[in-house]
Amino acid sequence: MSAAKRFLPPLLSGALFGGGLSIGGMTDPARVRGFLDLFGAWDPTMAFVMGGAVIVMAIAWRLQARMARPLFGERFALPDRTDLDGQLIAGSALFGIGWGIAGLCPGPAVASLALAPTAVLPFVAAMLIGMIAHHLFPERRRALASQGS
């Protein structure tokens, strides 16, 4: 498979996703924090963005179920995890807290690099440091996970 055939679908998908995040307002931390502020100055516009994403994903799951294989790959890489553990719950809580404080999560942060790189650079740098630390210390993660169970 040529490099163009291999990289073009993910590049176009990423550009479409980033554009959707930008158009939907997900790259505006103030708007995101306004949506998460249920008992203050709540901004419901993100509910429409999320609702649209749920509808698109529901259609995609139905289409995928009828396909033998993906258009640009050998097999589907779908989540198959059905168990919940302390590490997953703690990571989800940490993600949500960070999202609420910063008003950004990884997708919108990366998309924001094209719009306002200096404003989002500290968040992206901290995110990358966290990702690197996650991969550098797998034995520490296992030790912490075993203490929680």
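Read-outs throughout are calculated quantities, based only on the coordinates presented, and are distinct from any laboratory measurement. Small disclaimer: the values here were computed from a predicted structure and weren't measured. Heads up, the Cβs are rebuilt from the backbone with ideal geometry, glycines too, and the neighbour counts pull from every protein chain shown.
Residues in segment 105-118 carry Karplus couplings, in order, of 10, x, x, x, 5, 5, 4, 5, 4, 7, 9, 9, x, 5 Hz; the curve used is 6.51 cos²θ - 1.76 cosθ + 1.60 with θ = phi - 60°, and Gly or Pro positions show x. Take the Cα of residue 8, step 7 Å toward its Cβ, do the same at residue 84, and the gap between the two points is 4.4 nm. The stretch between residue 63 and residue 125 holds 18.6 nm of extra length on full extension. This uses 0.36 nm per residue minus the Cα-Cα distance.
Normalised by the empirical 2.2 N^0.38 Å for globular proteins, what value does the Cα Rg of the chain take?
Numbers: Rg = 18.2 Å, N = 149, 2.2 N^0.38 = 14.7 Å.
Computed over Cα atoms of the chain, the ratio equals 1.23.
Using the Cα atoms of segment 26-96 to build a convex hull, what is its mean projected area in square nanometres?
Values: hull surface 29.1 nm².
Result: 7.3 nm².
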